[in-house]
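Asker: Right, I'll just put the structure down here and ask away after.
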Amino acid sequence: MDGHSDSESEFDTIRALQEEYVSLGSPESICPKCNARLWKEERTNKKVTKGSPIFSICCKKGDVSLPPTPPTPDYLLELYTNKETAANFQRSIRLYNAMFAFTSTGGNVDHSINNGRGPYVYRLNGQNHHVFGQLIPDDGQPPKYCQLYIYDTTNEVNNRLRWVNVEDQKTVDKNVIEGLISMLDETNELVEKFRMARDRFEQADFIDLKVELKVCRSQSGRENHISSSDEVAGIMVGNSDNTTPDRDIIVEQKFGGLKRISYINPKLMALQYPLLFPNGEDGYHDRIPFQSADKNAPKDSDMISMKDYYAYRFQVRANEGML
């Protein structure tokens, strides 16, 4: 009797949820300030029935303004959309990204969560972080992460495959790896810098060679255009005294140890997710001002937060984004 009563109660709950379900259809409204496509129900002026809707969820009513994202390289777009490659590429995209990541992720991994029968879960306790290693592997060790762009690049495809377990190797395509190498060589400003370091290594044996990823932008801090070669990085011999720890990255030839990258470094996302940021473009940093900020004397409170930045970036806009 009790079981029957519980079943009826559960059925009533499901029916009530179904009756409350409301479909809003496709988002048909366009924010007049940033061109984000939104649902009308997301507007801030809900009590106003006439006139254009006003939105805050995307750009704080126009107070957040960021440049458009760079266009997706043709080869990557083809992998996403071609009927013959799209399904396998999308299924294995995390593996491909891991093969091309410059940095590794660190943190306290909780392995106990996988002791049960459920699907595999990757859980980090506490704060995760991203780290850079040295430019050249230790003697007898295979290259990994940023080293793959510099060391033994004549065997680059196999070197990248080395870090994929045997089972996963069955799901990746060597032709795709070769295509991604060529694409990133052409489009990614960070890859260009590490290839420059490779060329210097091949030309001569520099004792103290380093790659410096310098953060240079306009006074407003709003620019994240594809910078010139001299702006983004330098190949240095010896030490550099003109660096900013939170924003500049120095990758040493050897014996540099692991260096943690600040979460406000504008290159962090491009270094960790090169297939999401195939041009090596900047991400969030803490000196992007609101439109309403005093341009002559901006204060810390005049700068947009990481939440503001991604609230803007996650919106759908015509002719912008991966697809």
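Asker: Please indicate, with yes or no, whether at least one residue in region 50-57 is closer than 30 Å to Gln291 by Cα, outside the structural domain of Leu271 (by TED's automatic domain parsing) and in contact with a Phe, Trp or Tyr (Cβ under 7 Å, 6 or more places away or on another chain).
Answerer: No, region 50-57 contains no residue that is closer than 30 Å to Gln291 by Cα, outside the structural domain of Leu271 (by TED's automatic domain parsing) and in contact with a Phe, Trp or Tyr (Cβ under 7 Å, 6 or more places away or on another chain).
Asker: Still on this model: Considering only region 82-112, state which residues are within 14 Å of Val176 (Cβ to Cβ) and either surrounded by fewer than 13 Cβ atoms within 10 Å (Cβ to Cβ) or not assigned by TED's automatic domain parsing to the domain that holds Arg123 (or both).
Answerer: Scanning region 82-112 gives Asn82, Glu84, Ala87, Gln90, Arg91, Arg94.
Asker: Just for region 298-316: of the residues that are basic (Lys, Arg) and exposed (fewer than 13 other Cβ atoms within 10 Å of the Cβ), which one is modelled with the highest pLDDT? Before the answer, list the steps.
Answerer: Pass one, region 298-316, residues basic (Lys, Arg): 299, 307, 313.
Pick out the ones that are also exposed (fewer than 13 other Cβ atoms within 10 Å of the Cβ) and you get 299, 307.
Numbers: Lys299: 87, Lys307: 96.
Step by step, filter region 298-316, then rank; the result is Lys307.
Asker: Regarding Cys146, is this residue at pLDDT 90 or above, under 25 Å from the mean Cα position of the chain (by Cα) and closer than 30 Å to Ser305 by Cα?
Answerer: no
Asker: In region 162-176, is there at least one residue being crowded, with 16+ Cβ neighbours inside 10 Å, assigned to a helix (DSSP H, G or I) and not aliphatic (A, V, I, L, M)?
Answerer: no
Asker: Pick from region 23-37 the residues that are surrounded by 15 or more Cβ atoms within 10 Å (Cβ to Cβ) and farther than 11 Å from Ile54 by Cβ: which of them is modelled with the lowest pLDDT?
Answerer: The initial filter retains those residues of region 23-37 that are surrounded by 15 or more Cβ atoms within 10 Å (Cβ to Cβ), namely 27, 29-31, 33-37.
If we keep only those that are farther than 11 Å from Ile54 by Cβ as well, we get 27, 30, 34-37.
Values: Pro27: 92, Ile30: 95, Cys34: 96, Asn35: 95, Ala36: 96, Arg37: 96.
Per the stated criteria, the residue is Pro27.
Asker: Go through region 127-183 and report how many residues are among the charged types (D, E, K, R) and within 30 Å of Ile264 (Cβ to Cβ).
Answerer: Total satisfying the criteria: 2.
The values are calculated or read from the model by the stated rules, or taken from the named source; none is laboratory data. Since the structure is predicted, the reported quantities are computational estimates derived from the model, not experimental observations. Reconstructed Cβ throughout: ideal geometry from the backbone, glycine too, with neighbour counts over all protein chains shown.
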